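Take a look at the structure below.
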Amino acid sequence: MMQLDIPHIDALDGISIDKVGEWMELHCDKHFIACVDWKAVAPYQPISAFSIAHSARYIYVSFTTTGQDLRAVNSANLSPVAQDSCVEFFLQVPGSKEYWNFEFNCIGAVNASHRETRPNPTRLTDGQIATILRHSTVGSAPFDERHGWHTWRLTVAIPCALIGVDDSTPCIMGNLYKCADKTAHPHYLSWAPIDLERPNFHCPQFFGQLNLLK
């Protein structure tokens, strides 16, 4: 099982979300989203990495991607952002039957739910989505696909209270993904490897362990 430690950094709560990504770039470890789980379907592999930390209030993730194509057609809450240039964080709190999927396109639009099985989601409300802090280096306005070579960073802060994490939670299970279904170079990458025949990120059995350091 893949594992990583999530450092506890309360100072992040005092930094504006538009500066958190820069701070994490300098002070936090990078982990790569580098498993090409379905090469026969989508062999393309952009360079994608993330840094992760937590405070008492938030879990912070800063994603950085360099590669071909940039698409941000979807801008509404719960729209199919996986069609765009997208990064994702799926997680499960130990003891819970449900897992959470947080999907973000490169302008920070959110599709998020919690569920026990893929066909039966409970979608987040607009109010819940509004509590997720986000900042993108390519702005927040939607745009059609831009071809060529692009580098972008998306930083998000997910409230611990939203997902049921508190000071007594020793770890979460999870995986982080990079995808872009409807770009010229579609791809499906994961941090922890997935052993399934077809592309599917909704598979908690392949989650890694993310240790919440005190």
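The values are calculated or read from the model by the stated rules, or taken from the named source; none is laboratory data. Quantities reported herein were computed from a predicted structural model and do not represent experimental measurements. Positions of Cβ are generated from backbone atoms using ideal geometry, with glycine treated the same way; all protein chains shown enter the neighbour counts. Keep in mind that these areas ignore ligands, DNA and RNA; they rest on the heavy atoms of the full protein, side chains included. Shrake-Rupley method; radii C 1.70, N 1.55, O 1.52, S 1.80 Å.
Of all the residues in segment 167-191, those that are more than 30 Å from Asp144 (Cβ to Cβ), surrounded by fewer than 22 Cβ atoms within 10 Å (Cβ to Cβ) and touching a residue at least 60 places away in the same chain (Cβ under 8 Å) number 5.
Of the numbered conditions (1) open to solvent by 60 Å² or more (accessible area, probe 1.4 Å); (2) outside any helix (DSSP H, G or I), Ala161 fails exactly one; give the number of that condition. For Ala161, the exception is condition (2).
All conditions but one from (1) open to solvent by 60 Å² or more (accessible area, probe 1.4 Å); (2) touching a His at 6+ places or on another chain (Cβ under 8 Å) apply to Pro121; the one that does not is (1).
Regarding Asp84, is this residue at negative phi and open to solvent by less than 50 Å² (accessible area, probe 1.4 Å)? Can you show your working first?
Working: at negative phi: yes; open to solvent by less than 50 Å² (accessible area, probe 1.4 Å): yes.
Spelling it out, Asp84 is indeed at negative phi and open to solvent by less than 50 Å² (accessible area, probe 1.4 Å).
The conditions of being closer than 21 Å to Ser190 by Cα, in a strand (DSSP E or B) and small (Gly, Ala, Ser) are met by Gly174. Can you find a residue in segment 58-77 that is under 14 Å from the mean Cα position of the chain (by Cα) and closer than 19 Å to Ala184 by Cα? Yes: one or more hits.
Across segment 1-28, the qualifying residues are those that are free of Cβ contacts under 8 Å to residues at least 24 places away in the same chain and of a type in the set (D, E, K, R), and the one among them that is surrounded by the most Cβ atoms within 10 Å (Cβ to Cβ) is Glu22.
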